[in-house]
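Worksheet for the structure shown next.
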Amino acid sequence: MEDEIDSGTAGLKAWTVRVRVGEAEDLLNRVSKTARGSGSEVLVLKGDLVFGADHVRCALYHARKAIEERRNASDSLAMETLLYSSGERQLSSAIKKMSVDKETESVAVVNLSGAHLKPGQDWREMPRIPSAVDPADLRRFGISDSELGTVSEERAVELVLERVAAVDILKK
């Protein structure tokens, strides 16, 4: 399955960007404008709720598959990917949970399309799996303490990937 996900999402590029409180929405607008000009399809999310490039890679894979199989909840690849990356069933809940706002200090910029998008100077390439994950961020994502107790700290991100995959079940 991992090879299938990698081949189905080969063009994905993901970065994290630190911003000051109040600047995330401006970054979203700039990135969206640049993406339109370059033909890229880009997703901008709260960075502290994105747990590595594998998180968004898995979400993109499931979103493309849902669209291909006509099970999608949205007409947009970006919005369908946002739904899966949130681990939520409802698009409105996914948007509320994952979209940047005035309080956002960490932003994830994800190029879904493989088209060229030049990263900003202060953008950092997102690792496939983060070296450390704050349990408080996992809780804000919706992972319970009892779930966290079932895995080692090094494998906590796998709970997020399970939530991404479970969206298919939740959508039914």
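Residues that are surrounded by 15 or more Cβ atoms within 10 Å (Cβ to Cβ) and small (Gly, Ala, Ser) were ranked within the stretch 145-165; the one that is farthest from residue 73 (Cα to Cα) is 156.
Beta carbons closer than 6 Å, at least 6 apart along the sequence or on distinct chains, pair a first residue in the stretch 8-36 that is within 19 Å of residue 81 (Cα to Cα) with a second that is β-branched (Val, Ile, Thr) and in a helix (DSSP H, G or I) for 14/56.
Taking the stretch 63-165 as the region of interest, the helices (runs of 4 or more DSSP H) fully inside it that hold 3 or more residues being under 20 Å from residue 24 (Cβ atoms) are 77-86, 91-98, 135-141.
Residues that are surrounded by fewer than 11 Cβ atoms within 10 Å (Cβ to Cβ) and within 17 Å of residue 87 (Cα to Cα) within the stretch 114-144 comprise just one, 136. Only one of 69, 80 is crowded, with 23+ Cβ neighbours inside 10 Å, among the acidic types (Asp, Glu) and either within 18 Å of residue 166 (Cβ to Cβ) or modelled with pLDDT under 95 (or both); which? Only one candidate passes the filter, namely 80.
Against the list (1) more than 14 Å from the chain's Cα centre (by Cα); (2) over 22 Å from residue 137 (Cα atoms), the condition residue 61 fails is (1). Just checking, how many residues over the stretch 111-165 are in contact with a strand residue (DSSP E or B) (Cβ under 7 Å, 6 or more places away or on another chain) and under 17 Å from residue 60 (Cα atoms)? Count: 3.
The values are calculated or read from the model by the stated rules, or taken from the named source; none is laboratory data. What you see is a predicted model, and the numbers here were worked out from it, not measured in a lab. Please note: Cβ atoms are built from the backbone with ideal geometry, for glycine as well, and neighbour counts cover all protein chains shown.
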